[in-house]
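Colleague: Pasting a structure below so you can have a look.
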Amino acid sequence: MQVQQKLGASRAMKASRNVQRVFAAHSDIRKEAALRVPLDKAHTFNAKFVPFADVQSQKMSGETYSLDDIVYRSRDGGLLDVHHDMKALAQYGPDYWRALFDARVGTTAWPFGSGVWSKKEWVLPGLSDDDIVSMFEGNSNLFWAERFGREALGMTDLWVKQCGNSHTGSFKDLGMTVLVSQVNRIRKLKPGSVTAVGCASTGDTSAALSAYCAAAGIPSIVFLPADKISLAQLVQPIANGALVLSIDTDFDGCMRLIKQVTAETPIYLANSMNSLRLEGQKTAAIEILQQFDWQVPDWVIIPGGNLGNIYAFYKGFKMCKELGLVDKMPRLVCAQAQNANPLYQAFSKAHGSNAAIKESYEPMKAKTTFASAIQIGDPVSIDRAIMALKDTNGIVEEASEEELMDAAARADRTGMFNCPHTGVALAALTKLRERQVIGPNDRTVVVSTAHGLKFTQSKVAYHSKQVPGMSCQFANPPVQVREDLGAVMDAIKTKFKL
Ligand SMILES: Cc1ncc(COP(=O)(O)O)c(C=O)c1O
Ligand SMILES: N[C@@H](CCOP(=O)(O)O)C(=O)O
């Protein structure tokens, strides 16, 4: 007990010293770096685009682009990545970064009150605070799924990262604040270079893009697969004043079109193929570590569609490890809907050999799923996802329509009100628990990617037992009663066996 008190006191003193240093440095962290390191050796924080292939091979080819350039692909057609000067960031020790990030949580100081911009030096260090377009996104709660964990899965340490509790109702806000802020800067630096910002979307990217563009006064265009997104998603870009094109195709068709349009016009691409988005999304991983007092969970389960987000989480965890804030990585699980499972199929065919996943991968025609935001058959970030899985000893799991709807409904009964994509992740977790891959006391985080209120149509169908071929075992249909005390009492007595 005494040892614990001493440890606690010394930790508190250290934290308070760090926080004082943090606030002293708040005004200009670069100047402080120059004071600590001889000027000829000092690195300044900076980030640039490099080919993703360079990151994969850990060999820098020298091909780089400024973040002010309008470029989405490397010379050989591969993906790009935002590369940070890690030496510059490492001039500060882990204690410094932990204390800085902790000190900024919940402040109103612009822009650090945002969960994304509270990590600005690790996101877009060169951006002026005046160019930032933020709704103070991030800082989402980590929900202790105590009852669901205990009753449904026999688990003691299950958490849900509520990324859907956000301005537009999904994790996309985290990436969009970064992308739209950078566009804001480019439009000032190079007038006429970006007329509008566009995306293909299954409903969440379009909601976030249109909201951030509306806040900044930048025109936006969204390509949506006709009749494949929820009403709550569709109404957002309409209300935000975007040009909404409802196209008679699926998401993959919309993605092909937006790539062509953005290659030929001054319309800037806002999908996660543009690696700027992932810089914002990675902060959710850093936040999880922060919320666990910089302890690393054993597992993090992420619903996967276009597969940018699993790489973003990987990147956030990896940066924390490389800069010494934590000493290990969690194992990542990508959860896909069975009807849109190209990564799962490749992973299964590879029989546990990470090296063979890419060779086994084939794009597919995604079928309709209640997890409509991940109805994607040809994910842009397949290579990024494979790297994240390989480097974390990761797993891919799938969920059928019945499994995902049942998992979501069962979790709702414990107060979650989650979306079908979170249902996919919960169903994947259920299977991994049944197979004892995840242990009863493993600290596990399920990433909830959207707000349940965006998906009321499918919830209503489930609870009304109107889903053909599904038993809807957790349905709770409303009971119709006459305006009559006897009828009301009968309904209550039946329910509670009075
Ligand atoms: C609600 C929701 N969950 C999960 C995903 C999957 O994210 P990613 O495309 O980055 O794999 C998306 C978008 O694709 C989404 O909108
Ligand atoms: N679920 C996404 C699909 C597009 O993903 P992105 O991350 O590449 O923009 C959506 O909501 O549109």
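The values are calculated or read from the model by the stated rules, or taken from the named source; none is laboratory data. Everything numeric here is computed off the predicted structure, so don't read it as measured data. We place every Cβ from the backbone using ideal geometry, glycine too, and count neighbours over all the protein chains shown. SASA here: full protein model, heavy atoms, side chains in, ligands and nucleic acids out. Shrake-Rupley method; radii C 1.70, N 1.55, O 1.52, S 1.80 Å.
Condition check ((1) closer than 30 Å to PHE45 by Cβ; (2) modelled with pLDDT under 95; (3) touching a Leu at 6+ places or on another chain (Cβ under 9 Å); (4) not assigned by the TED database to the domain that holds GLN291) across all residues:
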position: ASP327; (1), (2), (3), (4): yes, no, no, no
position: TYR344; (1), (2), (3), (4): no, no, no, no
position: PHE347; (1), (2), (3), (4): no, no, yes, no
position: LYS358; (1), (2), (3), (4): no, yes, no, no
position: GLU362; (1), (2), (3), (4): no, no, no, no
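Colleague: Continuing with this model, one more query. Of the conditions (1) over 29 Å from ALA47 (Cβ atoms); (2) within 13 Å of ligand 1 (Cβ to nearest atom); (3) touching an Asp or Glu at 6+ places or on another chain (Cβ under 9 Å), ALA232 satisfies every one except a single condition; which number is it?
Modeller: The single condition ALA232 does not satisfy is (3).
Colleague: Determine, yes or no, whether ASP391 is under 19 Å from the mean Cα position of the chain (by Cα), at pLDDT 95 or above, within 15 Å of ligand 1 (Cβ to nearest atom) and open to solvent by 10 Å² or more (accessible area, probe 1.4 Å).
Modeller: Against the criterion (under 19 Å from the mean Cα position of the chain (by Cα), at pLDDT 95 or above, within 15 Å of ligand 1 (Cβ to nearest atom) and open to solvent by 10 Å² or more (accessible area, probe 1.4 Å)), ASP391 does not qualify.
Colleague: Name the pairs: first residue in segment 102-113 and at negative phi, second residue of a type outside the set (Val, Ile, Thr) and in a loop (DSSP other than H, G, I, E, B), Cβ to Cβ under 6 Å, at least 6 apart or on different chains?
Modeller: Within 6 Å, the pairs are ARG104/PHE112; THR107/GLY113; PRO111/SER134; GLY113/PHE136.
Colleague: How many of the residues in segment 66-92 are of a type in the set (Gly, Ala, Ser) and open to solvent by 30 Å² or more (accessible area, probe 1.4 Å)?
Modeller: 3
Colleague: List every residue pair whose Cβ atoms sit under 6 Å apart, with the two residues 6 or more apart in sequence or on different chains, where the first one lies in segment 344-373 and is within 20 Å of LEU426 (Cβ to Cβ) and the second, anywhere, is assigned to a helix (DSSP H, G or I) and of a type in the set (Gly, Ala, Ser).
Modeller: Hits for this filter: THR369/ALA340; PHE370/SER458.
Colleague: Out of (1) within 13 Å of ligand 1 (Cβ to nearest atom); (2) open to solvent by 50 Å² or more (accessible area, probe 1.4 Å), the odd one out for GLN345 is which?
Modeller: Status for GLN345: all satisfied but (1).
Colleague: Moving on. Could you tell me whether segment 297-310 includes any residue that is away from ligand 1 (no atom under 16 Å from the Cβ) and either open to solvent by less than 40 Å² (accessible area, probe 1.4 Å) or closer than 28 Å to VAL194 by Cβ (or both)?
Modeller: Yes, there is a match, as at least one residue in segment 297-310 is away from ligand 1 (no atom under 16 Å from the Cβ) and either open to solvent by less than 40 Å² (accessible area, probe 1.4 Å) or closer than 28 Å to VAL194 by Cβ (or both).
Colleague: Could we say that MET60 is part of a loop (DSSP other than H, G, I, E, B), modelled with pLDDT of 95 or more and surrounded by 16 or more Cβ atoms within 10 Å (Cβ to Cβ) here?
Modeller: no
Colleague: Looking at VAL437, VAL447, VAL460, which one is surrounded by fewer than 21 Cβ atoms within 10 Å (Cβ to Cβ), at pLDDT 95 or above and within 21 Å of SER372 (Cβ to Cβ)?
Modeller: Only one candidate qualifies: VAL460.
Colleague: Give, as residue ranges, the helices (runs of 4 or more DSSP H) completely inside segment 259-378 that count at least 1 residues that are away from ligand 2 (no atom under 15 Å from the Cβ) and not hydrophobic (A, V, I, L, M, F, W, C).
Modeller: Fully inside segment 259-378 and qualifying: 283-291, 308-322, 342-349, 357-360.
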